[in-house]
Amino acid sequence: MIRITWFALYCGFLLSISAFSIDIILPAFLAISDGLEISVQQLQLIVPVYMIALGLGNPLYGALSDRIGRRPGIFIGLSIYLFGSVICGLASSLDTMLIGRFFQGFGAAAAPVLCRAMIRDRFEGMELAQNMAIASMFFALGPMLAPLLGFGVYALFGWRAVFGMLVLVGLTMVVATWFQQETLAVAARRKRGLQLLWDDTLAIIRHPQSRHFIILSCFCTAMVLTFLTHAPVIYDSLGAGSGVFATMFALCSLGIVAGQVINHRLIKNVGAARAATYAAWVIAATALVIFLASANGHMTTGLFTALMFSFNSCYLIVYSNFASLTLEPHGERAGSAAAMFGLLSYLFGSMIVVLVNFITDAQLTHWALCFVVLAVITAVGARRWSSRLSVTLE
């Protein structure tokens, strides 16, 4: 039975800020493009720019929180996030929008890295993986609610109001953080210098398990980001308007909830590494079906939604377990490990997405083929480690 606490609920919603801030604008994607008088391909940059900033912010918040505590780091990040959201809402050009999205991402970086560090502060082993899975289950509410909320706000008040909604979300999390207890005891805080930060970075990257799953997380991140940047265009090409897109996207996201319930049970039975491996192969099979259906002209809105439901059911099983397996060996430097995981997965994942966007040119079949390649690389990598791992998170 899954035991849900206020702490898990808080961590789940904190974790969801980064994805929520992408998903909520997707129904207004084409309207933003028209409003700023730019092409959809140009506007797609707002996702990788946001994610690159998200990655760059990770080491700062990880190191800072190990020194001053988790709550102060979250307050600093949310303040920067709010500043970026205001800039986006007032933007009149692509350059201004990208600047706003950069600040948004840099501020939002505090949420996932400190959420994972807080969970690692309290738990280890199987409990760590299970609580990471519970937080990820609540995280799933963001992708489900964000497109519907975004479409409703956009339809009633225009696309700029969507960024106003993100300001409200940021303020709500500030209030929630105020009532959250600090998880890092003063005695456990580390007086950090540049040399210690560098030593931590080398220790994490040199650890075979952490290095392996950080590399795989880059391809895993690229999969979900390339879907997010192409989703509005794909649904539009299949004849779905903004309202239909928001509904279909929300249905896709229901898979995340189902996946995290399954993940919680899988971890108990087979461990985190095998759970990630099984889910990665399901994603690879799903990607292959998407490619074959699109290449043969059989893709429809309903079929694409069903297949992406399958992808979403497995994506966070893979990613959350990759995170747990990366952090597990580094209890004394959990903040730095979480930061390095976020930095590299977001940074290199975003770079892969920029390359995919260039290659595919918004063509469904081309995108599906790239999706297959990313999925197979992730599945093969997870399988190789799972076969080697003699001790899983038990």
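Only residues that are free of Cβ contacts under 8 Å to residues at least 12 places away in the same chain and in a helix (DSSP H, G or I): list them for the stretch 333-373, please.
Leu355, Phe358, Ile359, His366, Val373
Pull up the stretch 199-227, narrow it to residues that are among the small types (Gly, Ala, Ser) and more than 15 Å from the chain's Cα centre (by Cα), then point me to the one that is surrounded by the most Cβ atoms within 10 Å (Cβ to Cβ).
Going through the stretch 199-227, the residues among the small types (Gly, Ala, Ser) turn out to be 203, 210, 217, 222.
In the following step, the residues that additionally are more than 15 Å from the chain's Cα centre (by Cα) were identified as 203, 210.
On the way: Ala203: 17, Ser210: 21.
Looking at the filtered set, the residue picked out is Ser210.
Would you check if Phe29 is within 27 Å of Ala240 (Cα to Cα), touching a residue at least 40 places away in the same chain (Cβ under 8 Å) and either surrounded by fewer than 17 Cβ atoms within 10 Å (Cβ to Cβ) or among the aromatic types (Phe, Trp, Tyr) (or both)? Explain how you work it out, then say what you get.
Details: within 27 Å of Ala240 (Cα to Cα): yes; touching a residue at least 40 places away in the same chain (Cβ under 8 Å): yes; either surrounded by fewer than 17 Cβ atoms within 10 Å (Cβ to Cβ) or among the aromatic types (Phe, Trp, Tyr) (or both): yes.
Spelling it out, Phe29 is indeed within 27 Å of Ala240 (Cα to Cα), touching a residue at least 40 places away in the same chain (Cβ under 8 Å) and either surrounded by fewer than 17 Cβ atoms within 10 Å (Cβ to Cβ) or among the aromatic types (Phe, Trp, Tyr) (or both).
Go through the residues of the stretch 319-327 one by one and say whether even a single one is in a helix (DSSP H, G or I), among the polar types (S, T, N, Q) and surrounded by fewer than 24 Cβ atoms within 10 Å (Cβ to Cβ).
no
May I ask you to list pairs of residues, at least six apart or on different chains, whose Cβ atoms are under 6 Å apart, with the first in the stretch 61-87 being farther than 19 Å from Gly170 by Cα and the second being of a type in the set (Ser, Thr, Tyr) and buried (at least 24 other Cβ atoms within 10 Å of the Cβ)?
Every condition considered, the pairs that remain are Gly62/Ser336.
Does Ala285 fit the bill of being without any contact (Cβ under 8 Å) to a residue 12 or more places away in the chain and either on the phi < 0 side of the Ramachandran plot or assigned to a helix (DSSP H, G or I) (or both)?
On the way: without any contact (Cβ under 8 Å) to a residue 12 or more places away in the chain: yes; either on the phi < 0 side of the Ramachandran plot or assigned to a helix (DSSP H, G or I) (or both): yes.
Yes, satisfied.
Looking at (1) surrounded by 22 or more Cβ atoms within 10 Å (Cβ to Cβ); (2) of a type in the set (A, V, I, L, M, F, W, C); (3) closer than 27 Å to His366 by Cβ, find the lone condition where Ala276 falls short.
All conditions pass for Ala276, except number (3).
Yes/no per residue for (1) modelled with pLDDT under 85; (2) under 20 Å from Ser92 (Cβ atoms); (3) of a type outside the set (A, V, I, L, M):
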residue	(1), (2), (3)
Leu15	yes, no, no
Ala19	yes, no, no
Ala28	no, yes, no
Ser33	no, yes, yes
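Consider the stretch 341-369. How many of its residues are modelled with pLDDT of 80 or more and either more than 18 Å from Ala129 (Cα to Cα) or aliphatic (A, V, I, L, M) (or both)? Explain how you work it out, then say what you get.
Of all residues in the stretch 341-369, those modelled with pLDDT of 80 or more come to 341, 343-356, 364-369.
After this cut, where a residue has to be either more than 18 Å from Ala129 (Cα to Cα) or aliphatic (A, V, I, L, M) (or both) as well, the list is 343-356, 364-369.
Counting residues in the stretch 341-369 that are modelled with pLDDT of 80 or more and either more than 18 Å from Ala129 (Cα to Cα) or aliphatic (A, V, I, L, M) (or both) gives 20.
With the requirement that a residue be of a type in the set (D, E, K, R), surrounded by fewer than 24 Cβ atoms within 10 Å (Cβ to Cβ) and either within 19 Å of Met340 (Cβ to Cβ) or modelled with pLDDT of 85 or more (or both), what does the stretch 93-139 give you? If you could, list the steps in order and put the result at the bottom.
Filtering the stretch 93-139 down to residues of a type in the set (D, E, K, R) leaves 95, 101, 116, 120-122, 124, 127.
From the residues that got through so far, the ones that are surrounded by fewer than 24 Cβ atoms within 10 Å (Cβ to Cβ) too are 95, 121-122, 124, 127.
If the condition is that a residue be of a type in the set (D, E, K, R), surrounded by fewer than 24 Cβ atoms within 10 Å (Cβ to Cβ) and either within 19 Å of Met340 (Cβ to Cβ) or modelled with pLDDT of 85 or more (or both), then Asp95, Asp121, Glu124 are the ones that fit.
Kindly provide the set of residues from the stretch 228-239 that are crowded, with 20+ Cβ neighbours inside 10 Å and either among the small types (Gly, Ala, Ser) or free of Cβ contacts under 8 Å to residues at least 60 places away in the same chain (or both), ordered by number.
Ala231 - this is the single residue of the stretch 228-239 that is crowded, with 20+ Cβ neighbours inside 10 Å and either among the small types (Gly, Ala, Ser) or free of Cβ contacts under 8 Å to residues at least 60 places away in the same chain (or both).
When you go through (1) within 18 Å of Leu374 (Cβ to Cβ); (2) aromatic (Phe, Trp, Tyr); (3) in contact (Cβ under 8 Å) with a residue 40 or more places away in the chain one by one for Tyr278, which number turns out not to apply?
(3)
The values are calculated or read from the model by the stated rules, or taken from the named source; none is laboratory data. For clarity, every value in this text was computed on a predicted model and none was experimentally measured. A quick note on method: Cβ atoms are made from the backbone with ideal geometry, for glycine too, and the neighbour counts reach across all protein chains shown.
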